[in-house]
Amino acid sequence: MQLIKEAAADPDKFRKFVDENGGLPEEDFDIEHVRGEILSDHHEVLSGSRDLNLLSIAAVGQMVARVLLGMNWQTIDSEGHEFFLTSDDPVIVHALDERSNKLHLRMGVGSPGVNVWFPLCRTLCLRMGKDLEPGYATWVDRGIRYVNKMIAMCAHRWVFASKRSEKIKSLVNRRGGLFNVKTVDLRFEGRKY
């Protein structure tokens with residue numbers, strides 16, 4: 001909401017913001033009334049507006065995209081026997097506090113020192129960050145397990161793996177997993193659709 005409030009401070013900037021993020025709705029829409037409501041902190045009334053919700057989702061998506069496109073990108077390949085996991089929250093964003101050596105998960109993409117991880121398949125993961133060397137890298141199993149721990153820690157309910165593993169089951173259960181590991185065959189061979 002802070003970003004919308006900053007845009008609303010200037011009428012021309014707000015009009016441009018609205019136009020760049022989906023434009024005005026087709027029905028009657030008083031842009032000056034909305035701008036005034038935002039500036040007067042009556043945003044709880046506006047937050048129920050479907051149009052404003054869609055507008056803010058689009059605006060945030062564009063801002064996040066601009067930040068990610070400004071980062072360096074690496075493609076990481078698994079070298080050995082370990083494969084990348086994924087989850088119901090597959091994009092991991094973290095920053096490492098070098099002074100305390102603590103890892104902070106679920107950071108905003110614009111935070112200083114942030115790294116973004118997105119497993120693409122069991123053998124490839126996309127990594128984005130300001131301080132990376134762009135390109136292609138191959139990681140050893142230990143590095144893959146590090147990424148997989150972050151993925152399991154940030155999962156809401158489900159972790160997905162390419163093969164059944166007691167190690168993964170133990171990791172998920174240690175994190176507080178309530179669901180048993182199930183085997184699901186997602187291959188298309190021999191199936192009619």
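The values are calculated or read from the model by the stated rules, or taken from the named source; none is laboratory data. Remember, predicted model here, so these are calculated numbers, not experimental data. Side chains included, ligands, DNA and RNA excluded: accessible areas come from the protein's heavy atoms. Shrake-Rupley method; radii C 1.70, N 1.55, O 1.52, S 1.80 Å.
Once backbone amide H atoms are built at 1.01 Å from N, Leu132 has Asn72 as its partners under 5 Å, excluding neighbours fewer than 5 places away on the same chain.
Listed values for segment 102-112 are Karplus-derived 3J(HN,Hα) couplings in whole Hz (6.51 cos²θ - 1.76 cosθ + 1.60, θ = phi - 60°), namely 9, 8, 10, 8, 6, 7, x, 5, x, 5, x, and x replaces Gly and Pro.
As a quick test, which of the pairs Lys5/Lys130; Lys102/Lys169; Lys16/Lys130; Lys16/Lys149; Lys16/Lys102 have an alpha carbon distance above 32 angstrom in this structure? Pairs exceeding the cut-off: Lys16/Lys149; Lys16/Lys102. In this structure the amide hydrogen of Phe160, modeled in the peptide plane, comes within under 5 Å of the amide hydrogens of Thr86, Ser87, none closer than 5 places in sequence on its chain. Per residue, the accessible area of segment 84-132 comes to 55 Å², computed with a 1.4 Å probe over protein heavy atoms only.
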